[in-house]
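The values are calculated or read from the model by the stated rules, or taken from the named source; none is laboratory data. Predicted model only: the values in this text are computed from it and were never measured. Positions of Cβ are backbone-derived with ideal geometry, glycine not excepted, and every protein chain shown enters the neighbour counts. With ligands, DNA and RNA removed, areas are computed over all heavy atoms of the protein, side chains included. Shrake-Rupley method; radii C 1.70, N 1.55, O 1.52, S 1.80 Å.
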Amino acid sequence: MARSSAQTAHAVRKFALGAAGIAGFLLTWQLIPTLGIISPEFLPYATETLARFALELRDLEFWRNVGYTMTAWFLGLLVATVAAMVLGAGIGMVPFLRRATHTTVEFLRPIPSVALIPLAVLIYGIQLQAALVIVIFASFWQVFVQVLYGVADVDTVARDTARSFALTRAERVRFLVFPTMLPYLITGLRLAASVALILSVTAEMVIGNPGLGKVLVKYQNAGDWVGVYTIVIVTGLLGLVVNLIFRAVERKSLAWHQSIRAEEVL
Amino acid sequence: GCTDTGADTATEPSGSGELTKIRVASLPIAETGALWAAIDEGIFEDHGLDVEVVPAQGGAQAIPALLSGDIQFAVGQPFGPFRADLQDLGVVVVSNYASSLPEGKDVNAVVALADSGITRPSDLEGKTVSVNSLGAAGDLTIMKAVQDDGGDPATIEFVEVGFPEAQAQLDAGNIDAAWVPDPFMSKIVAEGGTLVVHPYQVTIPGLPLLVNIATQKLMDSDPELVEAYSTAMAEALDWADANQEAVRAAIVTNMEIPEAAAAGITLPKFTAELDVDALEQLAALGVEFGVIESKPDLDRLIKQQ
Amino acid sequence: MTLYTSTVVVPRTRSRAWKRVGESMLFALGLPFLLLVIWGISSSIAPAQFFPSPLRIAQAFVNTWVGPAFVTDVLPSLARLGLGIVLSVLVGIVAGTVIGLVRWLRELLEPLLEFFRAIPPPVLIPVFTLLMGLTDSMKIFVIVFGAVWPVLLNTIEGVRSTDSVMKETAQSFSLTRAERLRFLVLPAASPRIMAGVRQTFSVALILMVISEMFVSSSGLGYKITYFQRNYLIAEMWSGIVLLGLIGVFLALIFSVIEKRVLRWYHGIKEVERA
Amino acid sequence: MPETLLKVEHLNKVYESSTGNVEAIGDISFTMQRGELVCIVGPSGCGKTTLLKCIAGLLRPSAGTVELDGKIVSGPPANMALVFQEYGRSLYPWLTVRGNVELPLRHKKLSRAEKDALIDDALLAVGLDHAGGSFPWQLSGGMQQRVAIARAVAYQPEVLIMDEPFAAVDAQTRADLEDLVRSLHRERGMSILFVTHDIDESVYLGERVVVLSKSPTWVQEDLAIDLPAERDQITTRAMPRFTELRTYVYEQIQRAKRGQAVRPTS
Amino acid sequence: MPETLLKVEHLNKVYESSTGNVEAIGDISFTMQRGELVCIVGPSGCGKTTLLKCIAGLLRPSAGTVELDGKIVSGPPANMALVFQEYGRSLYPWLTVRGNVELPLRHKKLSRAEKDALIDDALLAVGLDHAGGSFPWQLSGGMQQRVAIARAVAYQPEVLIMDEPFAAVDAQTRADLEDLVRSLHRERGMSILFVTHDIDESVYLGERVVVLSKSPTWVQEDLAIDLPAERDQITTRAMPRFTELRTYVYEQIQRAKRGQAVRPTS
Ligand SMILES: Nc1ncnc2c1ncn2[C@@H]1O[C@H](COP(=O)(O)OP(=O)(O)OP(=O)(O)O)[C@@H](O)[C@H]1O
Ligand SMILES: Nc1ncnc2c1ncn2[C@@H]1O[C@H](COP(=O)(O)OP(=O)(O)OP(=O)(O)O)[C@@H](O)[C@H]1O
Ligand SMILES: [Mg+2]
Ligand SMILES: [Mg+2]
């Protein structure tokens, strides 16, 4: 089929463009210390950092730390997502609950999870759980709010259809509410995924449970800026990989949606 | 081929089964070298303790962790327990860990760039000075030093900048002077910076830098453990003070800094002997400059073993 | 040939209006009050150092924030927050619209944006300070850097999912680019955009705090960290309460904006719920 | 056994909205027997859809009552199926054609084979047996409308409510679907309420034709269609009585539209 | 001055999608003169909407060309207006009825008063002069469709393309709107391409009726309607020639639907 070749051509183009974007960024970075805008001592050259990155890639300890961070990330995101979906859908679908919880939600949302670290440590000690609390608290709201909006977006005719055919509550959730909120949910997930990553690393930095954040603090304290930026690159790349995964999920699960459909026709 | 820089820490010497496991919070800074080295030396094992060093970031995390019982001891700056005592958190200082040096080159200093024209404490008047954490020994002793030098400490603007970032901020002109320990102190001075003052040394010579902290609850419930820890720690610190090379080696492996840099680090005086007088003075300074409202109850706080 | 539709306007009576206000007050304050009571009871049954009673927190709140601290610490923070929010929303909508509409741009930038999105702001703050100094604009930049993502992502997705028939309508009537933006793309994406803006409001507040937690000496965020580090537990809680109150206040502003922007949208949903 | 199935009494519906209230239905009363096929005609915007939604329990009347099987309707009753005027929006874009048709069958206790048979029959009846795997947005308008019809047919309701269900299909398909509706009514004894704008259709299909006045609406005419029960596209439409009836209904609608009819004092 | 306005040559359209390719249009060729009114009829799903979209430059043909005014169509031409089959979705819910009608006029250089006059006229012509301030979702289906018609009429295009524009309105309104289309054609010389399922309507309105075969589609019949140019609902429809023509078209459609017609070898 002609289609598949067109698709590969597009995939190649997409990859090339994305790579060009990253390359442009690396070039800018390389130029900042070269032009002396920031002394290379404090912002090392991109090349130097990449070389160090390549070195780290061969270090088992590095992968172990990536593992720690990603474990916290995954567990945190999972719990936050499930909780946000259940609560969001439940509250979103019942007007009474939506109104009754509004102020409380708005009150809790802006509380920075970083400020809760001492409390988390007090309850769980310097352990993974403390970091998890922080990760969950922060990423929960991202998904929750998106789900609230998604649930409210159910088309009225579509809902009347469900009601008139006497679909059960479970069926309505499964076949009407869930698909409608899915695009919102996926955006929420993408937002939450990076927030969770940020907080996994931050928690490791501040609380000191093992992971990339702890390594980062170690490098900081040693004045090892190349190391610090290597870890920064690693977190960025992790974010990139996570996003790729979510994009793939999105393409699969939202094939019917306008945003994905439109791309195929063009 | 692949490397595994974490392999050695992964295989902790587990020793015999009778060891009591304890977790001790300590910042990943040069001073912790004594603890790392002493553990490797087996001093704690000799006292039946299997110590895991947990890198808690500052007292803000260490003391909640102490209270939660997740860690048993913490090595931290004395101002942390002061604050905690003022809030009746039930924290005690069981012994000293490291003290600043009463003479010669001290462990930390206020440094400035050569072209800043700042050479003595009173020059800091009206300037922006960075400390790693506001309202603690750093800014207090600097204010005191400026005052003693005839300047007006109220005109100084203190900002919080992490030790590692201080040099960059100095270079960028965001701050006029920075209070930093080694290796940053040596580095800045070596690159032409001015060493303005050793604030600890000129105000309270021999001021405790770090102390060993535990909770009253632990002292009541398991005095033997506190006892064992204190004894082990005292031995460890004496040993470390006598074996600076071992401490530097531990710094190199644990902090992954070059050997040359570690060699240049000014190590503090490692001792378990608490200088209660110095702590009194520090608390008085805190009250004088309005950082704390009242003096902590040092009799309750200090349970020197 | 005319059709006739009678329009019967029923005037809202005064008592009904009052009833509505009372009812929404009840909804707004009911759950918070309940939680407060539970907190109060639990803290009096099992007093805990780190969970002081609501009364103690209220006391600390008055002592800490009512007075000069409000002017020296809270107001500047709020000003930065306001600017940060406005900039985040503007940047997010403008960039999001362009990125959502122009496919090659999206493909060029997406990996880069994802890369930056995942970097913890605390790590970048030192770099920003080096580039911009210890200035307010640096702090505002930190806020924008972290808070722009929800609007940006939602705008991109919203713009991309414009209904095909609506798009074709615009094309067939040869609407100009500006008209298409103004009358099709932005309104169609507005429910998504507003979902993003709502997130941005609270994320910006969080980043305001974070931007003051490092390299700082004043501000609401600085104060909270300060209290935290000094075990002034009730004071710390009072800071958190203040943040929450600001959040509720922002939510109020937001819902006024949203009511205006999404009037048609709520109209559709509300009418059918009758 | 002429048993009353539906009883609409003094129904009134006012749409309240912030832009002003609209009285869509003035005062409608009529009854329908079990197993009857009633057609409703009326000027555009007179409130037919509103009436159907009130009957189906999707809208709450502002005044008056709707009784089904002797019980007041307060929510969508079971065993009722609707074909919506906005067929496009009543199909779920995330489900295939088969999935859409299957949706209301899910909570019926039927074996897989029975369900498949129902779906296949319904799709075949509307001429879409080849399109089961497509998504609704891959279909033409007329095909979408037929999917909505198939869904209602497969559901095997006791009461079938159809709102201009053949508006988007060609003449030939329309004739076929009309015969499908007749056979559902005749063979399965389904009670059918059918809104249409095609006067010939209303006369051809119905046992009764209810003509509504323009808004605010009342029942302007309730006409029994005394054509033989056995109907067929060629012969029935050629009957003189058919022409008489359609001319009569046409005149009524013209009067309704011009607002000439006098509201009965009830 | 019979000048060729539109020339469709060997048009072919295949929809590509991940679920399989659908050949919607096989091979269509026909021409249309400036100022003509051509009706298109064909079985449901045969590709009428697809054809219109290709002509309007909204879809790229898979093969063949569409020429308008001698130029190949590659994007939506100016001076063309469309009434979409999916009228509901083509109205913008965030604009009032007036706003929707005004929308395409915005970039025409007209004074406020001229615009208002155009809008008022168009709304009056479709019988919605009272509904200008309502939102589309506050209207009945037929009213929405009339708004879409009003929008196209107010735009004063040279070419008007209408896709089943009267599907949702009652018989009387339909007759009125038919006369509106005739008058646009006769008085303003508008070229009109009109898709309908109503055979009588196509014969009554058109100067030519193009009958499409079922999918994959070709032109099965291109019939000139030799009725007098001056038409009127009562007399024209009563003409014997009218009946002859409509019967002929009906037969053609039946053959098209059964797939009996033989594809011309072109
Ligand atoms: N959601 C709504 N809000 C306000 N008014 C509405 C709403 N829905 C319908 N109306 C009004 O109610 C009246 C009746 O609408 P309805 O849809 O019932 O008409 P209809 O008889 O189905 O018309 P059509 O044949 O055109 O579909 C119309 O005047 C319409 O403007
Ligand atoms: N987006 C799409 N993707 C795949 N197939 C499509 C798409 N749109 C239309 N088709 C297919 O193309 C064919 C023609 O569709 P089109 O909408 O042109 O028919 P139509 O003649 O307008 O029918 P109707 O009278 O029912 O509106 C149909 O078989 C339909 O399934
Ligand atoms: Mg209707
Ligand atoms: Mg069509």
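A compact table of results
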item	result
D:ALA131 away from chain E (no Cβ under 14 Å) and either in contact with an Asp or Glu (Cβ under 6 Å, 6 or more places away or on another chain) or not charged (D, E, K, R) (or both)	no
Enumeration of residues in region E:21-35 that are open to solvent by 30 Å² or more (accessible area, probe 1.4 Å) and either away from chain D (no Cβ under 14 Å) or out of contact with any Pro (no Cβ under 8 Å at 6 or more places or on another chain) (or both)	E:ASN21, E:VAL22, E:ASP27, E:SER29, E:THR31, E:GLN33, E:ARG34
Residue pairs meeting the criteria (Cβ under 8 Å; at least 6 apart or on separate chains; first closer than 14 Å to E:HIS185 by Cβ, in region E:226-240; second open to solvent by less than 50 Å² (accessible area, probe 1.4 Å) and basic (Lys, Arg))	E:ARG231/E:ARG182
Subset tally (residues that are part of a loop (DSSP other than H, G, I, E, B), within 12 Å of ligand 1 (Cβ to nearest atom) and more than 9 Å from every other protein chain (Cβ to nearest Cβ)) for region D:41-61	0
Every residue from region C:120-135 that is surrounded by fewer than 23 Cβ atoms within 10 Å (Cβ to Cβ) and outside any helix (DSSP H, G or I)	C:GLY133, C:LEU134, C:THR135
Hits in region D:212-239 - residues which are surrounded by 13 or more Cβ atoms within 10 Å (Cβ to Cβ) and assigned to a strand (DSSP E or B)	D:LEU212, D:THR217, D:TRP218, D:VAL219, D:GLN220, D:GLU221, D:ASP222, D:LEU223
Some residue of region A:30-46 being out of contact with any Leu (no Cβ under 7 Å at 6 or more places or on another chain), among the β-branched types (Val, Ile, Thr), at pLDDT 90 or above and at negative phi	no
Top-ranked residue in region E:190-207 [being touching a residue at least 40 places away in the same chain (Cβ under 8 Å) and open to solvent by 30 Å² or more (accessible area, probe 1.4 Å); ranked as farthest from E:GLN254 (Cα to Cα)]	E:GLU207
Residue match in region A:167-184 (condition: surrounded by 24 or more Cβ atoms within 10 Å (Cβ to Cβ) and facing chain C (nearest Cβ under 8 Å))	yes
Tally of residues being within 16 Å of ligand 1 (Cβ to nearest atom) and not β-branched (Val, Ile, Thr) across region D:158-188	7
Residue match in region D:68-76 (condition: at the interface with another protein chain (Cβ under 8 Å from one of its Cβ atoms), at pLDDT below 90 and out of contact with any Ser or Thr (no Cβ under 9 Å at 6 or more places or on another chain))	yes
Wholly within region B:100-187, strands (runs of 3 or more DSSP E) carrying at least 2 residues that are of a type in the set (D, E, K, R)	B:157-160
Unique residue being farther than 20 Å from C:PHE183 by Cα, crowded, with 23+ Cβ neighbours inside 10 Å and under 18 Å from the mean Cα position of the chain (by Cα) when the list is E:LEU180, E:LEU160	E:LEU160
Within region D:131-157, considering residues that are open to solvent by less than 10 Å² (accessible area, probe 1.4 Å) and closer than 20 Å to E:GLY259 by Cα, the one nearest to ligand 1 (Cβ to nearest atom)	D:GLY142
Residue under evaluation A:PHE74, criteria (1) more than 8 Å from every other protein chain (Cβ to nearest Cβ); (2) closer than 30 Å to C:TRP104 by Cβ; (3) aromatic (Phe, Trp, Tyr), criterion not met	(2)
Matching entry among C:GLY244, C:GLY267 (being within 9 Å of chain A (Cβ to nearest Cβ) and either small (Gly, Ala, Ser) or open to solvent by 20 Å² or more (accessible area, probe 1.4 Å) (or both))	C:GLY244
Residue that is nearest to ligand 4 (Cβ to nearest atom) [pool: residues in region D:138-186 that are farther than 16 Å from E:PRO43 by Cα and facing chain E (nearest Cβ under 10 Å)]	D:GLN138
Inter-residue pairs, beta-carbon under 6 Å, first in a strand (DSSP E or B) and in region E:68-94, second within 16 Å of ligand 2 (Cβ to nearest atom) and at pLDDT 90 or above, 6+ apart	E:LEU82/E:ALA56; E:LEU82/E:ILE161; E:VAL83/E:ALA148; E:VAL83/E:MET162; E:VAL83/E:PRO165
All positions within region D:109-143 that are more than 16 Å from ligand 2 (Cβ to nearest atom), in a loop (DSSP other than H, G, I, E, B) and either under 23 Å from the mean Cα position of the chain (by Cα) or modelled with pLDDT of 95 or more (or both)	none
Pairs with Cβ under 7 Å, 6+ apart, first in region C:247-261 and more than 11 Å from chain A (Cβ to nearest Cβ), second part of a helix (DSSP H, G or I)	C:VAL261/C:SER190; C:VAL261/C:MET194
Residues of region B:198-228 classified as closer than 30 Å to B:GLU103 by Cβ and more than 14 Å from the chain's Cα centre (by Cα), total	7
Verdict on E:VAL41 being near ligand 2 (Cβ under 10 Å from one of its atoms), more than 18 Å from the chain's Cα centre (by Cα) and among the aliphatic types (A, V, I, L, M)	no
Answer residue from region B:133-190, given it is farther than 14 Å from B:ALA112 by Cβ and polar (S, T, N, Q) and is surrounded by the fewest Cβ atoms within 10 Å (Cβ to Cβ) among those	B:THR155
Region D:77-107, residues that are open to solvent by 50 Å² or more (accessible area, probe 1.4 Å) and at pLDDT below 90	D:ALA78, D:ASN79, D:GLU86, D:ARG89, D:ARG106, D:HIS107
Single unsatisfied condition, D:ALA24 versus (1) among the aliphatic types (A, V, I, L, M); (2) under 30 Å from E:GLY133 (Cα atoms); (3) assigned to a loop (DSSP other than H, G, I, E, B)	(3)
